[in-house]
Amino acid sequence: MKVGLFHYLSTAYAIDPAILAKRAEELGFDSLWLPEHPIMPVTTVTPFPLGGPIPAFYADLIDPFVGLARASAVTKTIKLGTGICLVPERNPLLLAKEIATLDHFSGGRFLFGIGAGWLKEETEIMGGDFAHRWTQTQEAIMAMQALWTQEEAAYHGRYYPYSATYELTPFPGPLTLLVNLQQPKGASGMLPVCRTPDDVHAIPPFEVTCEDVEGFLDELGEFHALFRDCFVRREPREHFFRYMVGQFSSLERKSIEPIAIQTEASSIRAMQRSLSDTQWNDARMLQTYHQQVAKEMGAPDGVIIVDESGFVKKGQDSVGVARQYCGTLGKVDNCQVGVFAAYASRQGYALVDKRLFLPEPWFSDAYANRRAQCDVPKEAVLHTKPQLAAALVQCLYEGGTLPFRYIAADCLYGNSPEFWAACEACVGTVAFVAVPEETRCWLAPVATTTQSSTSKGKHRTQRVVTTPETPLQSVAKLAQQIGPRAWYRRTVSEGTKGPIVSPVKVMISH
């Protein structure tokens, strides 16, 4: 068992941390931890978590990094940790330099224990956003990681936006990141311990607390105002806002009628007409939304994720509804299916575009009346899901609003030449797309040419290899030929029965 020592009374009039650390190392303690409270307000209303008044010595606590530096100078093996560092109350640029320096001179013995603080008055005096301090903490960690790992680091977050900055030297080795266990209720999932030792960018399962929704309607109104120019008249714009409010409400059925009653709309019919008959500028609305996503979470190494999803339907009146595979249920059922594109970065994730999949029967004569009733455009033609996904990727790339370097999709899209062609057209990006194990490939580029043909009255083009003698290998065979030491394991997600770990090997194939 490893036992650490927490110096609770870490003040200028208590024992010197250098003396304490040296003696603790001699006695075999594994680590020494120093607390932090940079400033203590004279008047507070926040209750002390342990009950009673706030101890007077909290105002006299020394700076933990200065104290740990003294401890580092007289010891060789004992680990040195912050217990805890109040991240939202510090500038991450300066904090990153302090950590890098301490870790360097201590020989990699630093343990970074972090927290977001419990004293609202202290956090606000130091410039932190108490209501969203865990989000601010997460951003600070990501900003510091960029400084430690990138030659010309840049980070664009809500709290810490900075442009290209040179990397910090010295830079720390692999840090052990520890989260304060005394988090406020509901915040335990905001910044989990890293899923892998060398990765602090694990996306957390966000949990919403009461504090997070204070003033939510005001923020929703500000968000809605961004799309003001997308509507021609005031009435449909107001109905659209009420519809948004209804979607965030606790209503069991979030259809027009209960939403109109809940939000005190002028009439149910007026709201129905606003959403069914009124036109708004779709292109401008999508562009405005993409600009906001880019502002809030855009990053040069962002990821576009493509996948489909099904929506179960009881009737037959919705456009595109049919008996087809529904991923939500994992079986064939009566549903609609859409192909969606999501954007993810270290700052967060969001859906950014969509396409409705129309099954092949919908283009038959038997569905002519239903196409007319659902206002399906007459020029609409059958597109497969990978073709729809290819169009999504192409539009996002050509739009240029959302910065991204990676494209991710499963093997439904990995089987599609159209989707691969769309990915290859996105110059400067890397596609991580699953393919079936029987897929054959080359490990070196091969010469190809395009051949044209006509089949059933349709003109087709196909890219063929001009050197057919070049050997092909299946993906499964190729994986078997790679030695076990060439693979490394990465945790890809948190499953219901624990972490899902996958072996990874990076190779270039054609």
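So here's what we get for this one:
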| read-out | value |
| --- | --- |
| Cα Rg, Dmax (largest Cα-Cα span) when computed across segment 350-405, Å | 14.5, 44 |
| Accessible area expressed per residue, the chain, with surrounding protein chains retained (probe 1.4 Å, Å²) | 58 |
| Links that overshoot a 22 Å alpha carbon limit, given the list LYS2/LYS76; LYS295/LYS385; LYS254/LYS314 | LYS295/LYS385 |
| Trypsin sites (Lys or Arg not before Pro) within segment 25-105: DSSP coil, no more than 15 neighbouring Cβ in 10 Å | LYS76 |
| Neighbourhood charge, 10 Å Cβ-Cβ cut-off, centred on ALA69 and excluding it, Lys, Arg +1 and Asp, Glu -1 | -1 |
| Surface share of carbon and sulfur [accessible, 1.4 angstrom probe, percent] for the chain | 55 |
| Largest-first ordering by accessible area, 1.4 Å probe, given options TRP148, TRP118 | TRP118, TRP148 |
| Rule-of-thumb Rg ratio for segment 1-116 [Cα; 2.2 N^0.38 Å; N residues] | 1.09 |
| Per-residue SASA entry for ILE15, accessible area with 1.4 Å probe, Å² rounded to 10 | 80 |
| For GLN473, distant residues with modelled amide H under 5 Å away | CYS441 |
| Sequence ranges 46-59, 351-364, ranked by mean other-Cβ count within 10 angstrom, highest first | 351-364, 46-59 |
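The values are calculated or read from the model by the stated rules, or taken from the named source; none is laboratory data. Computed from a predicted structure; not experimentally measured. Cβ: placed from backbone, ideal geometry, glycine included. Neighbour counts: every protein chain shown. When the accessible area is computed, the model is the full protein with side chains, heavy atoms only, and any ligands, DNA or RNA have been set aside. Shrake-Rupley method; radii C 1.70, N 1.55, O 1.52, S 1.80 Å.
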